[in-house]
Amino acid sequence: MRWLIGGLLLVIGALAGWLLPVVTGLQLGHTVEVGSLFHALATLVVALLIGYLYSEHSSSKRADTGLLLESLREAKAAFAALQQAALPCHRTKKLTQQEQTALTVAERELSNAIHSFEYAVSCCKIRPHLIDVDKLKDARAVLKDSLTDTPFPGPYDASARSRINSSFKSVRDELTGIAFAVSRR
C-alpha cells in the first residue's frame, strides 16, 4: 500500500513538473541534457531506497507489535483464569485443598505469563520507559500477597476480600495500560 502511495506521489510530482511550465507560460527547451537525466535517475534510486528501508523497518516493527500483543493476550488469559480460581475466596468458608491448589497454580501461571511478556519486551529492544513492566510485576506481587497471605486458606473476611478486589483491579489496569502502550508504539 505504501509503495502505491509513493508511486502515486511520484507520478503526481512528475505531472506537476511537466504541467507547471505549460500553465505558467514558461518556454521549455526541447533539449535533454545527460547530466539532468543522471540527476533524475539518482533521485529516483534514492527515493526507492528510502521507501524500501522504511517499509522494512515498518514491517519489522509491526511484527514485533503483533508478537507483543499475543504475549500480552496470554497474560490476560492467565489473569482471567486466576480471577476464576479466586472466586471461592469470596465465600465465608475456608478453601478446600482442591481450591487452594487451583488458586496456587493459577497464580503461578499468571506469574509465568508476565515473565514471558517481560522477556518478549526485552527481545524487542523497547526502551523501558515506553512499556513499564515493573508496575505490572508489582501489582501482581500485591495480588499474590492478598490471595495467599493471611488469612489463606480462609475464611476471607470483608477486608481481605476488598483487598483482593482492589489488587485484581490494579493488575487489570496495568494490563490495559500496557496494551495501549504496545499498540501505540
Item checked: Y119 paired with S183, simple spin-label distance in nm, labels 7 Å along Cα-to-beta-carbon -> 2.7 nm
Margin query: Compute the distance from the alpha-carbon center of segment 37-70 to that of segment 101-126, in whole Å.
Written below: 34 Å
Next item on the list: Check the straight Cα-Cα distances from K94 and name the lysines below 24 Å, setting aside those fewer than 8 residues away within the same chain.
Entry: K144, K169
Next item on the list: Evaluate the distance, in nm, between pseudo-label points positioned 7 Å from the Cα of A80 and of R108 along their respective Cα→Cβ axes.
Entry: 2.3 nm
Note to self: Assuming 0.36 nm per residue, please report the length gained on full extension of the stretch I50 to S159 beyond their Cα-Cα distance.
What the structure shows: 33.2 nm
Notebook entry, point to check: Size of the dipole of segment 64-184 about the Cα centre, Lys and Arg at +1 and Asp and Glu at -1 on the beta carbon, nothing else charged, in debye to 20?
Noted result: 260 debye
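Quick note: the coordinates plus some simple rules give every number you see, no bench work behind them. Keep in mind that what you see is a predicted model, and the values were worked out from it rather than measured. Every residue, glycine among them, receives a Cβ derived from its backbone with ideal geometry; neighbour counts consider all protein chains shown.
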